[in-house]
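The values are calculated or read from the model by the stated rules, or taken from the named source; none is laboratory data. Because the structure is predicted, anything quoted here is derived from the model rather than measured. Positions of Cβ are backbone-derived with ideal geometry, glycine not excepted, and every protein chain shown enters the neighbour counts.
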Amino acid sequence: MTNSEKNEESATHYNLNESIQSAIQLTIPSDCVGMRLDQALAKLLPHFSRNRIQSWIIENRVILNQQPASAKQKVWGNESIQVFPTSTLDSPSSYTAEAIQLDIIHEDNAIIVLNKPAGLVTHPGNGNWQGTLLNALLHHAPQLSQVPRAGIVHRLDKDTSGILVVAKTIEAQTHLVRQLQQRTVKRDYLAIVLGKVAKNGTVDAPIGRHPVHRTKMAVTSKGKPARTFYKICEQFNHCTLLECSLDTGRTHQIRVHMQSIGHSLVGDSVYGKKPAIPESFIQELLSQFPRQALHAQKLTLSHPENEQQLSWQAPIPEDMLDLLQKLLHPPISSL
């Protein structure tokens, strides 16, 4: 080994020792047996890109059983892994912190649970580079600039309101992502759908990109498995209030699944249709609702630090509540 190589190796180990407290500690689980190390880490740390993980392995930032590892090295279960992520890569530090008000339900050292209003984009992109939840989080907790996606582990559509959890550390984010993968996070929604739903049920149908309209999702045999449970909360003349629970978390899952059984969400401009209702007042009321009538009402998960099972609820928003009250008590002049 040349002096220059020795110096490089020493510098690498010095940097790792300095950042020991930011290391991600992992144990290879049984479902990763036989995988290459980079494949196993991509599965265990899905919020980091495969390229980023491979570069960390090359930079000796991944330690397997106390030794630097190679990307192609096979793992066989129960190996001890330490990952030392770089703070400036895969982080939201390039985004601007903005003083946007947040409705925080719970906050501690590991997580933030908040109630997202309809109209707020979760993450910058597609022409929405400012005024997003991520920008607001960076202002509320500047340390989130060191966490991938500012700690966001799941999203709600722009026009869906309700409860979200955000991780404040990489360790908490990893723990939450694993819970989502293992489907142990319980997410319950309130949805107002068109038509009278006859009985409680389940939609078990794969969801993928629409074969023609690529900006939309659809039930398709080439999609990923998706399952939504729904039960009737209340029936009205021309629509139904449902509680929908996710077993999986596909893009637009509830909206696509409800459309597939003939009960599109009220106000859904992408997957819905104009209601054909004889009563002009009800038709106008439903047609003019400005967004999909969908609200993430309840979230249940295991706390990343102590495994305690916790649950939070976000009250139904004013616009959906107002719609339900008008459906229950239409003005006499419309009858």
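Points worth noting:
- For the stretch 190-205, the tally of residues that are assigned to a loop (DSSP other than H, G, I, E, B) and polar (S, T, N, Q) stands at 1.
- For the stretch 267-284, the tally of residues that are buried (at least 16 other Cβ atoms within 10 Å of the Cβ) and touching a Pro at 6+ places or on another chain (Cβ under 8 Å) stands at 2.
- Some residue of the stretch 86-96 being crowded, with 16+ Cβ neighbours inside 10 Å, farther than 30 Å from residue 29 by Cα and not assigned by TED's automatic domain parsing to the domain that holds residue 306: yes
- On inspection, residue 114 does not qualify as assigned to a helix (DSSP H, G or I), crowded, with 22+ Cβ neighbours inside 10 Å and hydrophobic (A, V, I, L, M, F, W, C).
- Residue ID - farthest from residue 171 (Cα to Cα), chosen from residues in the stretch 134-158 that are assigned to a loop (DSSP other than H, G, I, E, B), of a type in the set (A, V, I, L, M, F, W, C) and touching a residue at least 40 places away in the same chain (Cβ under 8 Å): 156
- Counting residues in the stretch 42-53 that are surrounded by 14 or more Cβ atoms within 10 Å (Cβ to Cβ), at pLDDT 90 or above and of a type outside the set (Ser, Thr, Tyr) gives zero.
- Among the residues of the stretch 159-189, the ones that are in a loop (DSSP other than H, G, I, E, B) and β-branched (Val, Ile, Thr) come to 4 in all.
- Qualifying residues in the stretch 248-261 (those that are at pLDDT 95 or above and out of contact with any Asp or Glu (no Cβ under 8 Å at 6 or more places or on another chain)) - the one farthest from residue 195 (Cα to Cα): 253
- Tally, over the stretch 285-299, of residues that are closer than 13 Å to residue 193 by Cα, of a type in the set (Gly, Ala, Ser) and in contact with a Leu (Cβ under 7 Å, 6 or more places away or on another chain): 1
- The stretch 187-237: number of residues that are charged (D, E, K, R), loosely packed, with under 15 Cβ neighbours inside 10 Å and in contact with a strand residue (DSSP E or B) (Cβ under 9 Å, 6 or more places away or on another chain): 7
- Residue check for residue 208: in a strand (DSSP E or B) and either under 18 Å from the mean Cα position of the chain (by Cα) or not assigned by TED's automatic domain parsing to the domain that holds residue 325 (or both): yes
- Residue match in the stretch 245-253 (condition: surrounded by 19 or more Cβ atoms within 10 Å (Cβ to Cβ), hydrophobic (A, V, I, L, M, F, W, C), on the phi < 0 side of the Ramachandran plot and not in a loop (DSSP other than H, G, I, E, B)): yes
- Selected residue [at positive phi, surrounded by 18 or more Cβ atoms within 10 Å (Cβ to Cβ) and either modelled with pLDDT of 95 or more or assigned by TED's automatic domain parsing to the domain that holds residue 301 (or both)] from 162, 151, 119: 162
- Candidates in the stretch 211-244 are the residues that are among the basic types (Lys, Arg) and part of a strand (DSSP E or B); of these, the one that is farthest from the chain's Cα centre (by Cα) is 231.
Residue-by-condition table, conditions (1) in a loop (DSSP other than H, G, I, E, B); (2) over 29 Å from the mean Cα position of the chain (by Cα); (3) under 20 Å from residue 116 (Cα atoms):
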| site | (1), (2), (3) |
| --- | --- |
| 286 | no, no, no |
| 291 | yes, no, yes |
| 295 | no, no, yes |
| 299 | no, no, yes |
| 307 | yes, no, no |
| 310 | no, no, yes |
| 320 | no, no, yes |
| 325 | no, yes, no |
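- Pairs where the first residue, in the stretch 310-323, is closer than 13 Å to residue 291 by Cα and the second is assigned to a strand (DSSP E or B) and modelled with pLDDT under 95, C-beta under 7 Å, 6+ apart: none
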